[in-house]
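One structure is given below, encoded as structure tokens.
The values are calculated or read from the model by the stated rules, or taken from the named source; none is laboratory data. These figures come from a predicted structure and were not determined experimentally. Cβ placement follows ideal geometry from the backbone for every residue including glycine, while neighbour counts extend to all protein chains displayed.
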Amino acid sequence: MYPFNIFFGFFHVNNYELFHFLGLSLLVAFEFILLDKDAVIKKWQVLVACTVGIFAGTTGAKLTHLMLYAEQYRGMPPGKVFLSAGHAYIGGAILALVAIYILFKCYKVSFLYAGDYTVPFFGLFRAVGRIGCLLTGCCHGSPSNLPWALYFGDNILRHPTQAYMIILTFSIFIAGRINYRRMRDNATGMIFFSSVIMYAAGRFVVEFFRVDSPIILGALKVSHIVLIVITVYGVSGLCVLYNRYANKAEVLRLLRRLFLSFLLTAALLGTLLLTTLSYIPKINHPLQIDLRITKGGIKAEQRKETPDYRRVQKIMQALERYKQDNGIYPTQEQGLNALIEKPAEAPIPSNWRGLYIERKMFISESKKPYEYIVYRYGDTWSYRILVPDDKSALSGKKDISEQYVREFELRHALALYKEDNGVYPTRTQGLQALLSKPEMPPVPEKWDGPYIKGELKNEKGKRYFYGIKRVDGKETYSILTE
């Protein structure tokens, strides 16, 4: 919605990172400050639990995404893969809970007692972090015409699913805190399991409006299946605890109060937040705004509109239409060519409706192709269109392997070859056909190369070669190295 970077001398942070760091700080500070003096758990144990939970949650999020979306990371260096993988996936929450459970077992402290106290604060952490998601535009929803729908950089009004999650998680925090003292001794564990149910059920609904998770059955996504399992876990735990208490009438009264507090907070906060969003000007900010803090004050900078800017805007719109039809963006291996021809390599789009854009839109003002990078930002797949010879647009290029850049050039050259000659080079002609006109049949009559410069080698000096085959009557190829 309003993405920005903050520059303070050599220090640089974007609003996603800023609000997630703020959320973590509030989580640790409030858990430490608000702990009762007569509590079973100690303050130092709370600090250790927060540290372990944050580390385990981050690791779980990344590992889960690496397992589910391995093809999206193909071609990235290992270090970049781990840094780019997800930061807010449900798998992270699961691993965090498992790690904290083991930790409190080692402390010989009741996990349910500790969970009643700590879990609501994680709701506060997620609520503050989602503000960064809302400003940045990641984790956005499907197209919508509702009054509070917002632009997130692609000229399409969408559900602000980040705002829905702010409402959900902050309501869990408020409900857990205002009922903690009443339920601490008379209904231990009920806040923990109730929070699990409220989060899973609320997130289950929100997932219908998000566009960044693969659909597996009808309208159900992978995340829906996981959330159903989590909800069953929460309900089962609640039932087991309920049967343990002798004064069931009092436990029911406390539970009703807890869930009513959650619903009232959600209704009030939802009304306030969504009404506010309804009156925010519908302005599309597809590019980052840099806020530079200097002795002279704060200076805001945004790139001026240029022919490259307008082309990139159209490519972005085409990518969003592709994702709307197929559920995901093209992979790095498929590249922008997936907007022109249906990819034959996995994952093959099931609902491809191209031509999404004209090929000429892929060439910049400098007559060089734009570069397409797919990466993980928060818990949303996103992409970056890099403009050749534009230092401001290539700020992230140092993280991109030279091999990927070279393969991108090869794929673009092959696309140009096919556009001129109607077919790709044969296996026998090989990639050398991009440098010099083949003499062996079929001799391309409209060859207009060379289509690429330099040697056909990667940064390690290994030579590229390629194979070509037909899939569903269409030619496709794979680029390999020695």
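Just checking, does the stretch 190-209 include any residue being outside any helix (DSSP H, G or I), surrounded by 15 or more Cβ atoms within 10 Å (Cβ to Cβ) and touching a residue at least 60 places away in the same chain (Cβ under 8 Å)? Yes: the stretch 190-209 contains one or more residues that are outside any helix (DSSP H, G or I), surrounded by 15 or more Cβ atoms within 10 Å (Cβ to Cβ) and touching a residue at least 60 places away in the same chain (Cβ under 8 Å). Consider the stretch 21-76 and keep the residues that are within 19 Å of the chain's Cα centre (by Cα) and in a loop (DSSP other than H, G, I, E, B). The one that is modelled with the highest pLDDT is Tyr69.
Of all residues in the stretch 318-338, those that are touching a residue at least 24 places away in the same chain (Cβ under 8 Å) have Cβ atoms under 7 Å from Cβ atoms of residues that are crowded, with 21+ Cβ neighbours inside 10 Å and among the polar types (S, T, N, Q), 6 or more apart or on another chain, in Thr331/Gln72. For the stretch 197-239, name all the residues that are within 19 Å of the chain's Cα centre (by Cα) and polar (S, T, N, Q). Answer for the stretch 197-239, where residues must be within 19 Å of the chain's Cα centre (by Cα) and polar (S, T, N, Q): Ser213, Ser223. Considering the stretch 408-458, and only residues there that are among the hydroxyl-bearing types (Ser, Thr, Tyr) and assigned to a loop (DSSP other than H, G, I, E, B), the residue that is surrounded by the most Cβ atoms within 10 Å (Cβ to Cβ) turns out to be Tyr451. The set of residues in the stretch 242-262 being surrounded by 13 or more Cβ atoms within 10 Å (Cβ to Cβ) and either under 15 Å from Leu112 (Cβ atoms) or touching a Pro at 6+ places or on another chain (Cβ under 6 Å) (or both) consists of Tyr242, Tyr245, Val251, Leu254, Leu255, Leu258. When the stretch 105-125 is filtered for residues that are among the charged types (D, E, K, R) and either outside any helix (DSSP H, G or I) or surrounded by fewer than 23 Cβ atoms within 10 Å (Cβ to Cβ) (or both), the ones remaining, listed by number, are Lys105, Lys108.
Yes or no, residue by residue, for (1) modelled with pLDDT under 95; (2) in contact with a helix residue (DSSP H, G or I) (Cβ under 8 Å, 6 or more places away or on another chain); (3) in the same structural domain as Thr188 (by TED's automatic domain parsing):
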{"residue": "Lys248", "(1), (2), (3)": "yes, yes, yes"}
{"residue": "Leu255", "(1), (2), (3)": "yes, yes, yes"}
{"residue": "Ala267", "(1), (2), (3)": "no, no, yes"}
{"residue": "Leu277", "(1), (2), (3)": "yes, yes, yes"}
{"residue": "Ile280", "(1), (2), (3)": "yes, no, yes"}
{"residue": "Asn284", "(1), (2), (3)": "yes, no, yes"}
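Looking only at residues of the stretch 210-240 that are β-branched (Val, Ile, Thr) and crowded, with 19+ Cβ neighbours inside 10 Å, we find that the one that is modelled with the highest pLDDT is Ile230. Per the listing Val98, Val128, the residue uniquely out of contact with any Cys (no Cβ under 8 Å at 6 or more places or on another chain), in a helix (DSSP H, G or I) and surrounded by fewer than 19 Cβ atoms within 10 Å (Cβ to Cβ) is Val98.
So, Gly396, is that one surrounded by 14 or more Cβ atoms within 10 Å (Cβ to Cβ), under 30 Å from the mean Cα position of the chain (by Cα) and modelled with pLDDT under 80 or not? Criteria not met by Gly396.
The set of residues in the stretch 169-189 that are basic (Lys, Arg) and surrounded by fewer than 18 Cβ atoms within 10 Å (Cβ to Cβ) comprises Arg181, Arg182, Arg184.
Of all residues in the stretch 167-187, at least one satisfies being in contact (Cβ under 8 Å) with a residue 24 or more places away in the chain, under 30 Å from Cys239 (Cα atoms), among the charged types (D, E, K, R) and touching a Pro at 6+ places or on another chain (Cβ under 6 Å).
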